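What follows is a set of notes on a single structure, which appears directly below.
A short reminder: the numbers here are calculations on the coordinates, not readings from a lab. Everything numeric here is computed off the predicted structure, so don't read it as measured data. Because the Cβ atoms are built from the backbone with ideal geometry, glycine has one as well, and the counts that use them run over all protein chains shown.
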Amino acid sequence: MTQGSATVQPQPRSSGDRWFGGSTWIHRVDQRFASLAAHRGLTVVFVGVVAFGLSALVALFIRFPVPSVHDEFSYLLAGDTFAHGRLTNPPHPEWIHFESLHIIQQPTYASKYPPAQGLFLAAGTLIGRSPIVGVWLATGLACAAICWMLMSWMPPRWALLGSLLAIIHPLSLDWSQSYWGGAVAMCGGALLLGAFRRVVRRPGVRDSVMMGLGMALLASSRPYEGAVLTLTLLIALVFRILNKQSPNVSVWLRRVMLPVALVVALTAVWMSYYNYRVTGSPLRLPYMVHEETYTVAPAFVFQKLRPEPVYRHKQLRDFHVDFEVPFYEGQRSLSGFLIWGVVKILLLLIGYFKNIGLVIPIVMLPFVVRGNPWLRLAVVSCAVFVIGLLPVTHVQLHYSAPIFGLIVLLAMQGMRYLRLWRWHDFPLGKMLVAVSVLLCAVSFVLSCQNGLVRAKADEQSWSHQRMRISRELEQSPERHLVIVRYGADHSSHNEWVYNEADIDHAKTVWAREMGPAENQQLVDYFKDRRIWLLQADAETPRLTPYLLQSR
């Protein structure tokens, strides 16, 4: 065969090649991947269906998701609100009894979080009669988007392999089994990255719209983290436009900037309207209302503490003052900031390298990025994103979801480079790639096993006890009011008081116990319900008839 003007003679295969290539199982698998990946649209759909199906199977046969984190209940409130065809809910007359973490009661009753995750939960409720179906749907779309993204950076068969490894990554599995997000931002980041690579190569309206859609998903799910990634790529895009080798500037304006600006503008209008309905102002986010009402420690360590508000419930103060403030103050000094910065980076590394199969290809990055400006941009984008997380007071793994696709991209490029390695004519690289893929599968199995262990351990947790009591009450023909009494040493992380969007028509209402006068007013309001007392910190929480003098 020829390559340019030189003739390249085919080389005989070594014994190693005959084992790791040629007619071996690796070659056959590679051919199957190439055959499927040749149909790009079908491949993207296939990946989405597999991700959705696997998420459902993990939940149904290993560990069904039960909300236990404050954020999950807040997102479930948003999903229930949207499923009822509303953007928010009117404040309840007895709202003081229903105050809880990460929700607002005034000027309306709503979640503090952006709406994207809640919209997917609402879709799950409407389509599959359960909000978790919306999480699986978001996971399927996110993995399909990663496949579409990878196809713009590498050959289709490698994109298919990368997206399948993304499906079984422990982080992806975790996000597919919880209500507090990850998959939506993962989808937005993948759309943004895939469209960016395409429009740089060939400016087009369709890819520009996809780029804008990725920005929209990030803005309505993880706005700060999404903004860091978006600005990094937009700066790179501007440099590309100003490059004299690029197409005419008018082409970029017409085919890229205008479609992106249109999608972003529509998103801004929608978000402004949503803010207006929830807070009364198009520029005031529900998150801002919540922070001004309840929190003392700010979102970023470089901001100052807020004055402590008047708390009507000890549990709210325990969380916002006793838990959050020391964590914030520990990062205010230079040494504290550096120490916690290392902790945050280690948190991300441990999270992503739960998939131990990614370790080998990621180690190859110093060799891969040399002479490849696109991969240098990918590495720089990851670095800028991580640096952007350092001043955030509290960092969780799902905050990094916008760059999940980038991590997969870098790992797959490492595998592609690694595959070419030879040692004394032995195809060592092919063997290491096979080992990496096998280790990814082992990580998936270990995650499933861990899920089984956690499912057994969670049977006595407070969240499962809450679910058990809630199901028992749902089976009763009566409607119920559960007044929750906490002990003096109650953990503010174990919060029982969360309600549906339509409190008055809910089968069960959860309320905080307060003083005799407030309790009497609450009981009078819900006099048509059976009223229970729940002592949440008893060894086995159970319901007893509520008497006003029982306090």
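Observations on the model:
- Pairs of Lys residues in the chain, spaced 8 or more positions apart or belonging to different chains, with C-alpha separations under 22 angstrom: 6 in total.
- Nearest-0.05 FRET efficiency for R206 and L60, computed from C-beta distance (R0 30 Å): 0.20
- Projecting the Cα atoms of A265, W148, V296 onto the charge dipole of the chain (Cβ charges, centred on the Cα centre) puts W148 farthest toward the positive pole.
- DSSP beta bridge pairing in the chain, given as percent antiparallel to the nearest 5: 50 percent
- Spacing of the two label points (7 Å from each Cα toward its C-beta) at A265 and V325, in nm: 4.7 nm
- Sequence-separation-based contact order of the chain, relative, with Cα cut under 8 Å and 6+ spacing, percent: 16 percent
- Note on V442 and A383: with the Förster distance fixed at 30 Å, the Cβ-Cβ geometry gives a FRET efficiency of about 0.55.
- Taken along the Cα-to-beta-carbon direction at a fixed 7 Å, the label points for L347 and H505 span 4.0 nm.
- Taking Cα centre as origin and charging only the Cβ of basic (Lys, Arg, +1) and acidic (Asp, Glu, -1) residues, the dipole magnitude of the chain rounds to 2540 debye.
- Between the listed residues L77, S130, F385, the Cα displaced farthest toward the positive end of the dipole of the chain, a dipole computed from Cβ unit charges relative to the Cα centre, is found at F385.
- Positive end of the dipole of the chain (Cβ unit charges, origin at the Cα centre): among L397, F327, A159, the Cα lying farthest that way belongs to A159.
- Filtered GluC sites (Glu not before Pro), the stretch 461-506: DSSP coil and at most 10 other beta carbons within 10 Å: E478
- Label separation (H84 vs V249): 5.3 nm, computed from points 7 Å beyond Cα along the C-beta direction.
- Karplus-derived 3J(HN,Hα), 6.51/-1.76/1.60, for each residue of the stretch 104-113, Hz, glycine and proline x: 10, 10, 9, x, 9, 9, 7, 6, 7, 8
- Helix-derived mean residue ellipticity, 222 nm - over the chain, DSSP H n ≥ 4, -39500 (n - 2.57), to 500: -18500 deg cm²/dmol
- Reported label for calculated percent of Cα pairs over 35 Å apart given (i) 50; (ii) 35; (iii) 43: (iii)
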